[in-house]
Amino acid sequence: MADTWVIVGASRGIGLEFVRQILQNGHYVIAGVRNVKADRILELKSHCTTPERCIIEECDITNEESIQKFANKVGEAARSGLRVKNIVLNAGILQYPNRATEISFSDFALHLHTNTIGPIICAQKLVNLDPESPPSKVVFISSDSGSATIFRDDEDGFGAYSASKAALNQMLRHMAAELTRRGGKWSNTSVLAMHPGEVQTDMANIDLGWEVEGSIQADESVIGMLKVIEEKNETGSFWCWDGRRHPW
Ligand SMILES: NC(=O)c1ccc[n+]([C@@H]2O[C@H](COP(=O)([O-])OP(=O)(O)OC[C@H]3O[C@@H](n4cnc5c(N)ncnc54)[C@H](OP(=O)(O)O)[C@@H]3O)[C@@H](O)[C@H]2O)c1
């Protein structure tokens, strides 16, 4: 039976590849994008054999009103018969460099709004839509840069980015614990964090001044992550794209 996935931040890169593979696997997608005229997702939809299975809705993760309208649209789709099984919070930014010793108040805030607060609030609204049918998996695309135990002090220029992902990790662990405590059908929802690998996307197209080892393409990353999402049920856990557990 076809499931429905919600992918937030679906206009390009890893998010767009999630949409492509999920449609190819015969499922439905509600794609959240901040610009509904974004060319790459419109092109993907136009070449897809089941374009009616790709619903594109506006969602600017830094705007509370936009998130609420998006959640309302997802609620309407669910009431019209789509079963929202899995949610992927993928939207993110990396304005490079973002050093603690240099970054402005507003640039630091932008990293936190986009990478931490927006994804959590969006997930909160979607999870709370229907107590009788909460999602099976809520997946946050985090980063190895956000690991507190494997602190990467060599990652010059990643201060605000890594702080925003570390805060995301901590907040999603609370979300996992709260849903378990809340009980009912929410206790069956698994909240997962994922490191997608070092993926060759627009975000990675920066001059770092060091060699990035083990770079992969978005298709390989997403094939791996879809397998992990299907297999892992432990709520409040952190995984690499290739199935290895990631330390918090
Ligand atoms: N690439 C890597 O090596 C890597 C490694 C670790 C973690 N990650 C994480 O993986 C996720 C995807 O990254 P990527 O590599 O695919 O980056 P990307 O190619 O730069 O794509 C970022 C996506 O996030 C969306 N986005 C940004 N701000 C948004 C907002 N305010 N509202 C809605 N959507 C917004 C972008 O939409 P627009 O087109 O509208 O800008 C785009 O679809 C991010 O969370 C990133 O931190 C990536």
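Arranged by the count of other C-beta atoms within 10 angstrom, fewest first, what order do M225, M171, M194, M1 take? All intermediate terms of the calculation are to be shown ahead of the outcome.
Values: M225 28, M171 18, M194 25, M1 6.
Ranked by crowding around the Cβ, least crowded first: M1, M171, M194, M225.
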Q. Hey, what's the Cα Rg ratio for region 176-237 versus the globular rule of thumb, 2.2 N^0.38 Å?
A. 1.53
(Q) At 25 °C and a viscosity of 0.890 mPa s, what translational diffusion coefficient does Stokes-Einstein give for the chain, taking Rh as the Kirkwood radius over Cα pairs? Give it in µm²/s as a whole number. (A) 135 µm²/s
Q: Mind telling me which of T235, T180, T116 comes out most flexible in a GNM of the chain, alpha-carbon contacts under 10 Å?
A: T180
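Please figure out what share of the DSSP beta bridges in the chain is antiparallel and state it in percent, rounded to the nearest 5. Spell out each step's value before the answer.
Working: 1 of 30 bridges.
Of all bridge pairs located within the chain, approximately 5 percent are antiparallel.
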Q: Pairs of lysines 8 or more apart, or on different chains, with alpha carbons under 21 Å: count those in region 9-168, would you?
A: 15
(Q) Please report the antiparallel percentage of the DSSP beta bridges confined to region 140-248, to the nearest 5. (A) 10 percent
Q: Give a residue-ordered list of calculated ³J(HN,Hα) values for region 149-160 (Karplus: 6.51 cos²θ - 1.76 cosθ + 1.60, θ = phi - 60°; whole Hz; x for Gly, Pro).
A: 7, 9, 6, 9, 6, 7, 7, 5, x, 10, x, 5
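Relative contact order, percent, of region 4-240 when contacts are C-alpha pairs under 8 Å separated by at least 6 residues?
Answer for region 4-240 is 19 percent.
Laboratory data are not the source of any read-out in this text; all were calculated from the coordinates shown. Worth saying up front: this structure is predicted, and the values here are computed from it rather than measured. Quick reminder, even Gly has a Cβ in these numbers, built from the backbone with ideal geometry, and neighbours come from all protein chains shown.
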